[in-house]
1. Out of all the residues in region D:70-111, which are open to solvent by 20 Å² or more (accessible area, probe 1.4 Å) and within 14 Å of chain B (Cβ to nearest Cβ)?
2. Mind listing whichever residues of region B:204-241 are over 23 Å from A:Leu74 (Cβ atoms) and of a type in the set (Ser, Thr, Tyr)?
3. Quick one: C:Ile111 ticks every box in (1) open to solvent by less than 10 Å² (accessible area, probe 1.4 Å); (2) among the hydrophobic types (A, V, I, L, M, F, W, C); (3) assigned to a helix (DSSP H, G or I); (4) closer than 21 Å to C:Leu256 by Cβ bar one, so which box is it?
4. Report yes if some residue within region D:392-405 is farther than 20 Å from D:Val320 by Cβ and assigned to a strand (DSSP E or B); otherwise report no.
5. Restricting the search to region A:185-204, which residues are out of contact with any strand residue (DSSP E or B) (no Cβ under 9 Å at 6 or more places or on another chain) and open to solvent by less than 50 Å² (accessible area, probe 1.4 Å)?
6. Can you pull out every residue in region A:11-55 that is open to solvent by less than 10 Å² (accessible area, probe 1.4 Å), within 14 Å of chain C (Cβ to nearest Cβ), within 17 Å of A:Leu74 (Cβ to Cβ) and part of a strand (DSSP E or B)?
7. So if I check each of B:Trp162, B:Trp147, which one is in contact (Cβ under 8 Å) with a residue 40 or more places away in the chain, away from chain C (no Cβ under 14 Å), aromatic (Phe, Trp, Tyr) and open to solvent by 20 Å² or more (accessible area, probe 1.4 Å)?
8. Looking only at region D:226-246, how many residues end up being facing chain B (nearest Cβ under 10 Å), in contact (Cβ under 8 Å) with a residue 12 or more places away in the chain and polar (S, T, N, Q)?
Amino acid sequence: MSLLEVRDLRAGYGMVEVLFGLDIDVDEGELVVVLGANGSGKTTTLRAISGMVSATGSVTYKGQEVLGKRPDQLLGMGMSHVPQGRGTINALSVVDNLRVGGISRKDSEVDSDVELWLERFPRLGERRDQLAGSMSGGEQQMLAIARAFMSKPEFLLLDEPSLGLAPLVTREVFDRLRDVTADTSTSVLLVEQNANLALQFAARGYVLEAGEIVMSGPAEELQGDEAIQKAYLGI
Amino acid sequence: MRPSRKRIWGSDAKSLSGRGPPVNNFLEILVVGIGNGATYAMLGLGLVVIYRSTGLLNFASGELAMFSTFIVWTFWNLGFPMWLAILGGMLGGFLIGVLVHKVAVSPLGDPHERPLAVVIVTIGLFLGLNGAAQLIWGTVDKRLDPWFGVSQITVGGVAIAWQKIGAVVVLFVMVLLLWALFKFTKVGLSMRAVASNSESSALCGVSVQNMLMLGWGMAAGIGTLAGVFSAPNLGLGTNLMQLTLVFGFAAIVLGGFDSILGAVVGGFVVGILSSVVPQYITVFEKMPLAPAFILILAVLLFRPQGLFGSKDVARV
Amino acid sequence: MKSLRGVGPVQSVLWAIALVVLIVLPFTSAPFRVEQYITWMTIAVAAGGLNLLTGYNGQISVGHGALYGTGAYTVAILVTDAEWPLLPTVIAAAVVCFMVGVIIGLPALRIKGLYLALVTLAVATLFPLVIEQFSDLTGGSGGLTLTSEQLYRGSIRDRRVKWESPIDGLASDQWKYFIFLGISIVCFVVIAAIVKSRVGRSLVAIRDNETAAEVSGINVSRTKIITFGVSAGIAGIGGAMFALNKGQVNPTSFTLTLSIYLLVAVVLGGASTVIGPAIGAVIYGVFIDVIAPELPETLESATPLILGTLLVAQMLMAPSGIVGWFHDLTEKVSRRRQGGGKQDKNVDVTVTTHEVVAETDLETDPGGFHP
Amino acid sequence: MSTNWKGLAALGCALVLIGSACGRDDGDDSSSDSDNGDSSSEEGAFINPSEDCDAYDGTAGVDGDTIKIGTIRPADGPYAIYDQVTSGLDAWVESTNANGGVTAGDGNTYQIELIKENDGYDPGRTPELAKKLVEQEGVFAIVGVIGTESNKAIRDYLNDECVPNIALATGSTEWGRADEYPWYIAGLPSYATEASMWVDYLEETNPDAQIALLYQDDDFGEAYRATLQKEIEGTDMEILAEQSYNPLSGGSTEAATVSLSQSGADTFIVGLGGTPCPATLTFMPDTWTPETFISVTCGGNTALSLAGGKDVGVLLAQAVYEPGDPADQDQPAVQEFMTNGAAGGLDEGQLTGGISSVGWSFGALFGAGLEESDTVDRAAIMNTLFSLEDASFGLIRDEMDITTDGGEDPWPLEGFRIVSRTADGSWEEVMPFNNKNGESNEIAG
């Protein structure tokens, strides 16, 4: 059984439907990517899974139906969501952002964990008292990821980390992401526009077009697919 | 044996005898200004707390303070000791603040998206609370004794009422508590996080609605103290805070919407300017608030976020 | 504005009824009522001006009562001191208020939203004090009475100016009513023309996204300042009508309360609809002048409580005001008339276009989450 | 669809009804009917309606044995406290009706019906409400309208329409212009007369008084200031320092009071109304102990209870019995007020507060006019009120010589005594009653 099973997920805003019945699976320890162009419904997919927009269908997490649960309830079950645009809390310092990340934890090791993550992301460590809003995009993205890990998640929803970042920076972010997910054996559902890069890191992928999954398969397979190459890889 | 007295500028045709105050009363007037400033700072603090936790400006906060000061008076009038009455009033204010948030403000959604709706709803609350207070407590002003009594001490020839010293001390205790709350506690951290980015905070497991409610409640509780210190001077009536609120707003515009330090400095500057300047410059005699406003306009032109405010506030 | 472009059958019937009522009203009402109707018109005009600024341009002003007051005082001073004829003073009031509005609007280039609301709030609070400060010109707390020399009890005395009707059978209050109705209609036609024009579209563009408006070639600063001026000028006309209707001005008539009522009229009727503020002003007037005095005494003093509660309730339940609510209603009716479930979806999509745009923004804008 | 049409028609009807419900008919009828009573056009009377009024209806508002009167006051907003005055007027009406009514000079006994309108203290709204009272309600007279500006705003109208405005709830010197506005009669003494009484007292007790003056920045405060300046001219007294205070400014009088306290004055005059008046007493530093006068408008227990005990020793020019003053308890007028006022709906606080009792006296002045007048006629009542001879009514002190003579002497109330506040809340006489009959207009200048 998969860690996450999405079946026939439908969602929209008001009268406008955005998703038309998606099926997605994520296995334990797996990094799965959902590819798609702007407006294809990627962000909505993540928001529907984490209960930020109302949706129909079924989302099973660890064998339990979670559709309709609030983000903080899911957090308690080990699912953490890094929103699009990074979602750093701009008026707070780096350290405070990390502390907010651990706010739902009841244990007393939050402060030592903060130090741990500052070590894992040395660039954050250098800027520990700087306000998040004044940092560069790449640093903010790393902070967002580090903050998500502060809640000790087993499963991470990650929304377009490459948005607005230079290619080199994006690669650095992905490298870090791979390291920490490997270290903590965290499963990830990633949505991305940058298919080329994402498929290098992902195990499997789905391709989303206008709210429907038009293709899925192992990363290498998708990388080799001509249509994908045309549409997303710019080849 | 009268010293000749002259205004600094502006001749007053109506005046037959020189009517400017002698220079040696500057200190006395300054003390008045500091006392008023402490009250404005308290009202300003309430506004800052709401702004910091919910990102909105509350036009009804003066009326909330007035309403909860009436609760203080009710307890005090029943024979409770003043400190207990004040606690009761703060608790009452807290509950009303929570209720107001839950019923009227929270359903509006993001205040930054709909500033007009926020203005209108808080104005509606302004009218409603004022009307309700008049229905409950009537139109006759009530007497609320000064918390710290009516006696004065003389320092260097200047008489200072204990009430004023009390106001400044209470203000600083409040600032200290607020500072500690925001700086050191999980709740304070959560409130700051929600104010800056409620979506991310929710994703981190912060209970956004509870924090917003807490912010409203705290602000209303703090406002109660502003009312408790204003009422002995102005008389406790339903219009206690209508104009005082404008002074409180002036304080935070000057200091910055989101700065606790700014509210305190702004409150004292507004209090001192509006007490001292009209004593020396005739044209301001009838408009004590005007000097503060002129300063504020000047500040806004160069630092739209206020003296101590953080930058993104200006983008409200 | 939809009601101007394609006037539906329901709307045209409504307009016709409104016209008939407006003409019949002064003949079926006591003179004091007619004067109250004129007061409602003055509020309607001023609220219409405020709506240009707040509804269409997104600049919140809690200080338009001060501009209304400035218009009223301009008229009073010109009539009593300079002995101008009555009607030209209205134009003077508009010009003066335009200039005052531009000056007050200057800070709006640096600040907006709630900050601007605060600065205008200060203007509203200071206005009566400024009037009292310059009492040589304004009469101070005693105000000014618009007088003309009249024969009374055998001697020539200064008496309050009256509107002598040149038409037989038309009482002075009725004559005054139609003059002011004419001015009000002109004001609303001007407002409608502005809204419909390219300028009107740039107002909305600036409100919705200032940066985008700037990029698309709109001179944002100039537009905002001029909007403030025009809005102030129209509010000034409302104030001018007030002074000419009442024959007097007094600082206590122009307190913060008035500014609040202007905003209430805009929101009640429907911000960013041309006719909304007028409807809001009438509803407010009916409530204060007709319904409230008939309430039992305890309820009468509860008027502010009732008003405040209604206001909060309206913002929560019908935030687009009476006109917006009515539009939704007529859309629904016309949809039902077209019949057939198939078309429903299409119609709905067009009805809620702007909501859809706002909400699909979520796809790219993380700030849109409503907790 | 059809339901929609019905809705529209209903809306239209409703709008028309709002207008027609208060249709024109009454007004037209009443103006055509000019039933001039004989007594009202009496030779030599102050008002002669057949000459002075275009369309005169002397008995409008009199319906069988009921006389309808109206009043205008603030019932909400910052000045709603003055509604307490109207409560006193209301209580007078209620208790008078309960006791059978007023027996007028024509021998008939009338019930009084009082209609109250709310102008929120905004003189911009007063005129339409006065017109409503006259046009729609058809009142006989208007009684006890609150506020100088509100009364001024309706003066031209009421005088043109020949409708009496009796017992104006203000002491503005404007009400001395009875020659020009004969349908107006004041219900309070002139503020100027009150100030001249302070100077009388000072001349006897402190002929070289050094005065600090704090006055309200409007006609009311200005009347005190102008009178003081005029009356001390040629004496050794002097206004050492003065400050004005505007209630709309949002500030308190604290800075002004503290500033005045440094002037070295030995006399402090508080020419303020409402809560700022007692609040000023609390702002006086302990080190400054001048002789302090307060305005008569804040001399009641309700106002002085806000002074936190600092009211002991303040001086006041007093014209009425204070129901809240233990020393006045035995006065028949006070006893009558306490009994009938309570029956008329006043609570304990209103009975002794010193605000409602003022409105009670307004009603009594109107009642006195009805009783003394030969016929129940608008002009006759005014002529009666403008030719009073040592009358008495309401809670006015017996020492008062209530005498009027048209434009020569339009003020019913012109005398005061000076009293000092004691710790038990009563007033102790420090200078006996002085009638300034016929002098008010001269004092006001």
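The values are calculated or read from the model by the stated rules, or taken from the named source; none is laboratory data. These numbers come from a predicted model, not from an experiment. Cβ placement follows ideal geometry from the backbone for every residue including glycine, while neighbour counts extend to all protein chains displayed. Note: areas computed on protein heavy atoms with side chains; ligands, DNA, RNA excluded. Shrake-Rupley method; radii C 1.70, N 1.55, O 1.52, S 1.80 Å.
1. D:Asp76, D:Gly77, D:Pro78, D:Tyr79, D:Ile81, D:Tyr82, D:Asp83, D:Gln84, D:Ser87, listed by residue number.
2. B:Thr224, B:Ser230, B:Thr238
3. (3)
4. There is at least one residue in region D:392-405 that is farther than 20 Å from D:Val320 by Cβ and assigned to a strand (DSSP E or B).
5. A:Leu197
6. Residue satisfying the conditions is A:Ala11 alone.
7. After ruling out the rest, the residue left standing is B:Trp147.
8. Of the residues in that region, 3 qualify.
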